[in-house]
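The values are calculated or read from the model by the stated rules, or taken from the named source; none is laboratory data. Since the model is a prediction, treat every value here as computed from it, not as a measurement. All Cβ positions, even for glycine, are placed from backbone atoms using ideal geometry, and neighbour counts span all protein chains on display.
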Amino acid sequence: MVALVAAIAPMLVAALPERWRVPQVVVLIFSGILIGPHVLGLSETSSVKLLANIGLGFLFLLAGYELDLRLLAAHEGRLAMIGWVVSAVISLVAVAGLTKAGFVRDFIPIALALTTTALGTLLPILSDNEMLRGQFGRYVLAAGAVGELFPIVAISLFLTKRDEFAAIASLVAIAVSAVLLTMLPRIIGDERVQAIIRQGQRATAQTTLRWSVVLLLGLLALAERFGLDVVLGAVLAGMVLRTWLRREDVDVHPLEEKLDAVGYGIFIPIFFVTSGMTLDVPAMVKDPLRVLIFLGLLLVVRGLPSLVVYRRSLPRRQRVEMTFITATTLPLLIALTEIGLQDGVMLPANAAAIVGAGVLSVLIYPAVAVGLARRDRWETGSAGPIIGEPGVATAADGAWGADGPLEADGLPGRDGSPGMDRTPGIEEAPGAPAG
């Protein structure tokens with residue numbers, strides 16, 4: 001039943017009129033609700049729990065693979081980190097007020113949930129609407145990366161059953177393990193690694209794909225062994241895999257396509273459907289105000305700081321777009337609620353409400369950002385970003401994206417070349433001071 005609804009979901013999305021199409025993840029979650037125990041009762045989660053956990057791992061492995069730490073060291077990354085810290089402070093104050101009012105008792109998971117951003121969910125939406133081009137795209141990628149990575153580290157520190165010192169020691173230990181794994185290709189030898197990748201990527205052996213899975217499961221097990229959340233292990237697996245592949249002079253696109261096929265084709269849809277099946281729908285229906293409160297808090301806590309943080313780097317319209325983009329979240333909310341429920345620190349009503357708010361954020365906030373971008377293009381008489389306009393760079397400008405040189409269409413290249421602190425050849429946005 002889970003496999004069936006996972007297969008039907010993209011067909012349903014494609015059948016909708018283009019202006020009414022919703023992200024596929026929303027359809028998967030609603031499908032899970034429909035077949036789950038609270039509605040039709042056609043399926044239960046115990047038989048697919050293992051596959052769903054692997055899907056969670058693949059989801060964050062692919063997110064970690066897209067994270068470029070060099071971007072975080074650049075100007076865009078520094079602003080993204082400032083924005084997240086501001087969001088964290090606002091979240092602590094807001095949730096403290098809710099706790100005092102008796103609205104929540106699960107202080108830490110709720111506070112962390114309000115600081116997350118669903119970069120993996122946003123990427124296809126923004127890419128389809130040409131909103132990842134030029135300098136604005138770099139700010140979006142940096143904000144999304146910080147909105148995923150920092151909460152994951154915080155989860156590993158604060159949502160474990162051990163004291164803070166043991167949690168920090170465990171975090172350092174698994175980080176050191178990940179760094180040592182990044183050095184493995186040098187130990188084996190670059191030429192030998194290149195030969196393995198070339199010989200195995202198209203053969204029936206599928207060597208590189210198999211070792212990617214070994215890396216994922218190994219770091220998941222290592223994270224669990226150290227008492228850390230497995231989401232951190234999955235993200236580190238993606239980052240290690242990136243260092244293995246992006247520095248070798250080989251074509252990595254075949255492996256990337258296979259990871260997408262295995263992850264998004266098999267395991268990740270099962271995770272989202274299963275997440276829908278576990279939602280406490282009666283609690284959401286009984287208290288819809290709780291869902292709307294969390295939806296508003298996502299916008300205030302995670303979105304509104306963008307209006308101030310990027311005031312010298314982006315024009316007002318793009319800052320408003322960034323507000324709705326950064327307030328969009330879902331996968332990490334699901335992971336947080338599962339952790340909170342397992343540890344007994346999260347109320348079932350809050351778990352259902354905050355996931356429901358995440359679903360609404362994916363439905364509403366990206367649509368608002370895309371609508372603002374389309375309206376601006378219509379007002380300026382442009383169907384899309386104009387090559388050579390301020391804030392839009394191409395390879396001809398000598399510009400660099402998050403993953404290296406920008407291609408001719410202004411999108412980031414994928415050859416692993418080093419990024420730069422500032423993008424040469426790009427003027428500042430109209431009306432924005434330099435820097």
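Sub-9 Å Cβ pairs linking a first residue in segment 254-265 that is within 15 Å of LEU216 (Cα to Cα) to a second residue that is not in a helix (DSSP H, G or I), at least 6 apart or interchain, are LEU255/GLN201; GLU256/ARG414; LYS258/GLN201; LYS258/GLN206, ordered by first then second residue. Restricting attention to segment 150-178, which residues are β-branched (Val, Ile, Thr), modelled with pLDDT of 65 or more and either surrounded by 12 or more Cβ atoms within 10 Å (Cβ to Cβ) or not in a helix (DSSP H, G or I) (or both)? Of everything in segment 150-178, those that are β-branched (Val, Ile, Thr), modelled with pLDDT of 65 or more and either surrounded by 12 or more Cβ atoms within 10 Å (Cβ to Cβ) or not in a helix (DSSP H, G or I) (or both) turn out to be ILE152, VAL153, ILE155, ILE168, ILE174.
With respect to SER47, determine if the residue is closer than 27 Å to VAL213 by Cβ, over 23 Å from the mean Cα position of the chain (by Cα) and either assigned to a helix (DSSP H, G or I) or at pLDDT 85 or above (or both). Spelling it out, SER47 is indeed closer than 27 Å to VAL213 by Cβ, over 23 Å from the mean Cα position of the chain (by Cα) and either assigned to a helix (DSSP H, G or I) or at pLDDT 85 or above (or both). The set of residues in segment 20-36 being part of a helix (DSSP H, G or I), of a type outside the set (Val, Ile, Thr) and surrounded by fewer than 23 Cβ atoms within 10 Å (Cβ to Cβ) consists of TRP20, GLN24, PHE30, LEU34.
One line per residue, one yes/no per condition, for (1) at pLDDT below 80; (2) closer than 19 Å to PHE103 by Cβ; (3) β-branched (Val, Ile, Thr); (4) part of a loop (DSSP other than H, G, I, E, B):
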position: THR329; (1), (2), (3), (4): no, no, yes, yes
position: LEU333; (1), (2), (3), (4): no, yes, no, no
position: VAL345; (1), (2), (3), (4): yes, yes, yes, yes
position: ALA351; (1), (2), (3), (4): no, yes, no, no
position: VAL370; (1), (2), (3), (4): no, no, yes, no
position: ARG377; (1), (2), (3), (4): yes, no, no, no
position: SER382; (1), (2), (3), (4): yes, no, no, yes
position: ILE386; (1), (2), (3), (4): yes, no, yes, yes
position: GLU389; (1), (2), (3), (4): yes, no, no, yes
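Checking every residue in segment 37-44 against the condition of being touching a residue at least 24 places away in the same chain (Cβ under 8 Å) and buried (at least 23 other Cβ atoms within 10 Å of the Cβ) gives zero matches. Screening ILE325 on (1) of a type in the set (A, V, I, L, M, F, W, C); (2) buried (at least 24 other Cβ atoms within 10 Å of the Cβ); (3) over 22 Å from VAL26 (Cα atoms) shows it passes everything except condition (3). Scanning segment 258-277 for residues that are crowded, with 22+ Cβ neighbours inside 10 Å and more than 17 Å from the chain's Cα centre (by Cα) yields ILE270, VAL273, THR274, GLY276, MET277. Output yes when any residue across segment 139-149 is crowded, with 24+ Cβ neighbours inside 10 Å, without any contact (Cβ under 8 Å) to a residue 60 or more places away in the chain, assigned to a helix (DSSP H, G or I) and of a type outside the set (Asp, Glu), and no when none is. Checking segment 139-149: not a single residue is crowded, with 24+ Cβ neighbours inside 10 Å, without any contact (Cβ under 8 Å) to a residue 60 or more places away in the chain, assigned to a helix (DSSP H, G or I) and of a type outside the set (Asp, Glu). Residues that are over 16 Å from ARG290 (Cα atoms) and part of a loop (DSSP other than H, G, I, E, B) within segment 69-113 comprise just one, ALA74.
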